[in-house]
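The next block holds one structure in the form of structure tokens; read it before the comments.
The values are calculated or read from the model by the stated rules, or taken from the named source; none is laboratory data. Please read these numbers as outputs of a predicted model, since none were measured by experiment. Using ideal geometry, Cβ is built from the backbone for each residue, glycine included, and neighbour counts are taken over all protein chains shown.
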């Protein structure tokens, strides 16, 4: 997670679509712990997802962080993080507007693998994990680029800067490099109603396992709408000082809130505030059922013992 930041791109620049979207917002990960596979110790590939069949052994660093993550949060802690990452934008080229941005249609992910090793199966595992953990989000892989509205471009780390220039032009690329110094990047194009229509992530295909998954999770999730990174929220991967390598519980709260049907693209903070309490309650119910916290597991065990 240490190397992302999100870039809301114009639809034209991202996918050569005839109708332009508003000017881009940008986010990318800096101060990366990214290490090229050729110089790193060999580690095993990890897979993710409550409904994904395990095919590999999870990276040991990810396993440690997963087992020690904080699992219980107050309402204020969750909502503070949501307001900061869902309404803000780390780098925005046009006038600053704080509104909800999200897909309101199925998300189909295409992998453009331009280096070695092939990471399509790894991206598919991440996508499946996200799908399993976020309610009301229809996200899946596609082998048809024309059917995709989220493209994952995987390039050697040494080609990252050149790829950013080719994608966004020299002027915007320089702004991105100055502001973010990214080791991976994500961006999306929104329409006038703040609905995300096209998104793209650029990932280092030859990163070591922890760095690759940390980057992949943050960028793919930011491509879904929570574009801002904020150093004041210590439990989210949308923070340069926090590295996860998996879809942590705190960020599952944020994405489940964002994709609740009552949270509409274009909502202001005030409008969201009218439904925030009910939406958070629904997110808590889902988290208890799908990804129980240690506290909820303890309560359930106590109830079962008393019955």
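Contact map, region 91-116: residues that are within 25 Å of residue 171 (Cα to Cα) paired with residues that are surrounded by fewer than 17 Cβ atoms within 10 Å (Cβ to Cβ) and modelled with pLDDT under 95, Cβ distance under 6 Å, separation 6+ or inter-chain. Pairs shown: 91/179; 93/23; 94/23.
In this structure, is residue 183 closer than 21 Å to residue 163 by Cβ and within 19 Å of the chain's Cα centre (by Cα)? So residue 183 passes the test.
Within region 132-146, the set of residues being in contact with a strand residue (DSSP E or B) (Cβ under 8 Å, 6 or more places away or on another chain) and more than 23 Å from residue 255 (Cβ to Cβ) comprises 143, 144, 145. For region 241-276, taking the residues that are touching a strand residue (DSSP E or B) at 6+ places or on another chain (Cβ under 8 Å) and crowded, with 19+ Cβ neighbours inside 10 Å, the one that is farthest from residue 152 (Cα to Cα) is identified as 263.
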